[in-house]
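What follows is a single structure, written as structure tokens, with notes after it.
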Amino acid sequence: MIISVQDNLKEIILNLESLGYNVHKFSEGIPSDVYIYKDEELGLSNLTNHVKTPNSGALLINVDNKSMKEILYAINNRTYSPLF
């Protein structure tokens, strides 16, 4: 599983790397299975400039008001709360 994280979310990048995940920054442009972003800063409409999905699609995780435990649950279970 390849995870791309918004460049400035350094703490999340470090936490995921320490747990053994294959993590990249958005600026690397790596097609990923999971994209982690902060909607307050980036916005969903701007996220499309960074997303390069594999054929199977990708999970988008907005980390606004999410704990690391909630982020990991979403990654591992490929589930997330609805957009609306």
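Among the residues of region 5-19 satisfying the criterion of being within 20 Å of A58 (Cα to Cα) and part of a loop (DSSP other than H, G, I, E, B), which is nearest to the chain's Cα centre (by Cα)?
Per the criteria, the residue is Q6.
In the set T53, T48, only one residue is surrounded by 13 or more Cβ atoms within 10 Å (Cβ to Cβ), modelled with pLDDT under 90 and either hydroxyl-bearing (S, T, Y) or in contact with a His (Cβ under 7 Å, 6 or more places away or on another chain) (or both); that residue is T53. Filtered by the rule that a residue be buried (at least 16 other Cβ atoms within 10 Å of the Cβ) and either of a type in the set (V, I, T) or assigned to a strand (DSSP E or B) (or both), region 25-40 gives K25, V34, Y35, I36, Y37.
The values are calculated or read from the model by the stated rules, or taken from the named source; none is laboratory data. The structure displayed is predicted, hence computed values, not measured ones. Here Cβ is always computed from backbone atoms with ideal geometry, including for glycine, and neighbour counts include all displayed protein chains.
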